[in-house]
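Trainee: Input: one structure, supplied below.
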Amino acid sequence: MKRLLRLLQWLLKAAVFFTLFAFALNNQQETRVNFFFGTHVSAPTVMVVLAAFAIGLVVGVLGMVPRWWRERQSVKKAPPTSVEITPPTEVSRGV
C-alpha cells in the first residue's frame, strides 16, 4: 500500500512537471511588460509568468513574517506545561 501511494505521488509530480514544461514550450513568444515612466522589459511569456509567481510568493511570505514572529515570541514567553506520561498497562493474555 505504501509503495502504491509513493508511485501515485511520483505520477502526480511527473504530470505537474510535464504540464508546466509543455506550458513553457508553448509560450516562448516575447511579451512586453510596461513599467512607470515609459520603461519596459521584453521577455518570454513563461518568464513573465514565473516572475509574477515568484514576486507573489515573496510578498506572501513577507506578509506572514510578523505573525510568525509574534507567535514565536508568545511561545517563548509561555510557561512550560508539564505533561504526565503514563506507561501503557500490560494486558494479560489468557493461555
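The values are calculated or read from the model by the stated rules, or taken from the named source; none is laboratory data. None of the values given here were measured: they were computed from a predicted structure. For the accessible areas, the whole protein counts, side chains as well, though only heavy atoms, and no ligand, DNA or RNA atoms are used. Shrake-Rupley method; radii C 1.70, N 1.55, O 1.52, S 1.80 Å.
Trainee: GNM on the chain, C-alpha springs below 10 Å: top fluctuator among Pro66, Pro79, Pro44?
Mentor: Between Pro66, Pro79, Pro44, it is Pro79 that shows the largest mean-square fluctuation.
Trainee: What number, rounded to the nearest 500 deg cm²/dmol, is the helix-based mean residue ellipticity at 222 nm of the chain, given -39500 (n - 2.57) per DSSP H run of at least four residues and division by all its residues?
Mentor: It lands at -22000 deg cm²/dmol.
Trainee: Under the √(5λ) rule applied to the eigenvalues of the Cα gyration tensor, what semi-axes describe the equivalent ellipsoid of the chain? Give them in Å, descending.
Mentor: Ellipsoid semi-axes (Å, largest first): 50, 30, 4.
Trainee: Within the accessible area of the chain, what % is carbon and sulfur when the probe is 1.4 Å and the other protein chains stay in place?
Mentor: Carbon-and-sulfur percentage of accessible area, whole number: 69.
Trainee: If a/c stays under 1.5 just call it rounded; otherwise compare a/b with b/c (prolate if a/b is bigger, oblate if not). Do that for region 43-95, with a ≥ b ≥ c from the square roots of the Cα gyration tensor eigenvalues.
Mentor: Oblate shape, in that a/c is at least 1.5 and b/c is the bigger or equal ratio.
Trainee: Now, a different point. Could you give each residue of region 22-28 its phi-based ³J(HN,Hα) in whole Hz, using Karplus coefficients 6.51, -1.76, 1.60 with θ = phi - 60°, and x for Gly or Pro?
Mentor: 5, 4, 5, 5, 7, 10, 9
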